[in-house]
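Take a look at the structure set out below.
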Amino acid sequence: MGSMKRIIAGLLFLLASSVITSLVLAIFSLSTNCPQTTIYKIENEQSSWGPHRLAVIVPFRDRFEELLQFVPHIHHFLNEQKIKHTIYVINQVDKLRFNRASLINVGHLLSRKDCDYLAMHDVDLLPLNPKLNYSYPENGPFHVASPEFHPKYHYSTFVGGILLLTREQFELVNGLSNRYWGWGLEDDEFFARMKEAKLNISRPHNINSGIHNTFRHLHDRSIRRRDTARLFNQKEATRKRDRLTGLADVQYDLVSTQHITIDLAPIILHNIKLICNYSLTPWCEHKTGNTKKVAK
């Protein structure tokens with residue numbers, strides 16, 4: 001009789017252990033969501049996505065709302081195309097005027113060891129048409145945000161918004177000019193660099209969409225006014241081909257680096273202080289102020 005009780009007690013113990021184990025596994029499965037599984041699947045599949053890695057270089061300052069939309073969108077868009085990529089947000093944290101071109105130069109220097117091509121990518125421009133190709137541009141720079149499809153800019157020499165280049169193509173033209181503090185014209189000067197280097201610029205075609213549905217433009221000019229001031233002799237100096245500055249002489253301090261995820265999309269955030277050559281570009285500050293400053 002005693003042995004029978006011990007057998008029954010043992011069976012009840014095993015049954016209770018099985019129930020507890022099942023409950024623990026059920027709770028774990030509920031806490032482990034599908035997107036995390038998707039991330040592991042994508043990481044495992046990337047070995048078959050080809051030999052190239054894209055650096056998505058995003059020049060950035062005070063555009064947090066746009067960044068929250070941009071990062072998960074572009075991460076998903078590139079994963080759908082099986083493009084291996086890393087998103088680099090180059091955040092200007094100094095008190096100088098915004099310098100998109102210099103930030104892209106810095107982004108290239110910080111990413112070139114890990115990525116063999118780059119996308120100069122505005123944070124407020126989201127690609128919508130899945131036929132917009134972000135693959136390696138071995139035959140020359142590829143202007144994704146073609147003036148034929150861009151929601152705002154339609155002149156033939158426009159190369160802004162989203163432009164892909166190989167590491168070698170970008171370095172061949174010495175990157176972008178560092179003279180462009182404030183908004184505008186750095187892309188036009190970069191077009192001249194590429195043409196002078198005889199690089200063949202190509203653009204999307206036969207993608208069956210137009211200026212209203214190929215991209216989504218997030219910029220609200222009523223909220224974020226662009227810095228279009230032209231100080232000192234900035235207007236005259238920035239209308240010329242710059243043969244003095246570029247990738248080779250961009251000056252900056254790397255303040256810090258942070259690895260962040262936004263809706264499970266990973267980014268590398270570099271906080272950057274640009275250094276102004278006051279003798280060459282006295283218009284780098286917001287105020288006309290002191291013209292006696294010397295190059296740092």
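The values are calculated or read from the model by the stated rules, or taken from the named source; none is laboratory data. What you see is a predicted model; the values in this text were computed from it and never measured. In this analysis, Cβ positions are derived from the backbone assuming ideal geometry, glycine residues included, and neighbour counts consider all displayed protein chains. Please note that ligands, DNA and RNA were not included when accessible areas were found on the heavy atoms of the full protein model with its side chains. Shrake-Rupley method; radii C 1.70, N 1.55, O 1.52, S 1.80 Å.
Numbers for the structure displayed
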| item | result |
| --- | --- |
| Sequence of Lys95, Lys273, Lys287 when ordered by accessible area, the most exposed leading, probe 1.4 angstrom | Lys95, Lys287, Lys273 |
| Sum of side-chain charges, Asp263 neighbourhood, beta-carbon under 15 Å (Lys, Arg +1; Asp, Glu -1) | -2 |
| Tensor-based shape of segment 90-158 (alpha-carbon gyration tensor, a/c under 1.5 rounded, otherwise prolate or oblate) | oblate |
| Solvent exposure, largest accessible area first (probe 1.4 Å, DNA, RNA and ligands not counted), of Arg63, Arg53, Arg97, Arg216 | Arg216, Arg53, Arg63, Arg97 |
| Cα-projected label distance for His76 with Asn129, points at 7 Å along beta-carbon direction, nm | 2.1 |
| Shape call, segment 99-227: gyration tensor on alpha carbons, a/c limit 1.5 | oblate |
| Stretchable slack from Lys273 to Leu254, in nm (0.36 nm times residue separation minus alpha-carbon distance) | 6.2 nm |
| His75 accessible area, 1.4 Å probe, all protein chains in place, Å² to nearest 10 | 40 |
| 3J(HN,Hα) from dihedral phi, segment 141-156, Karplus parametrisation 6.51/-1.76/1.60, rounded to Hz, x for glycine, proline | x, 10, 8, 5, 8, 3, x, 5, 10, 5, x, 10, 9, 10, 7, 5 |
| Inter-site label distance for His212 and Tyr155 at 7 Å from Cα along Cβ, in nm | 2.6 |
| Cα-based reach from Lys84 at 15 Å (exclusive), listing aspartates and glutamates while leaving out same-chain residues under 8 positions away | Glu43, Glu45, Asp114, Asp116 |
| Pairwise FRET efficiency - Gln69 versus Arg241, Cβ, R0 = 35 Å, nearest 0.05 | 0.45 |
| Shape category assigned to segment 169-209 from the gyration tensor of Cα positions, a/c cut at 1.5 | oblate |
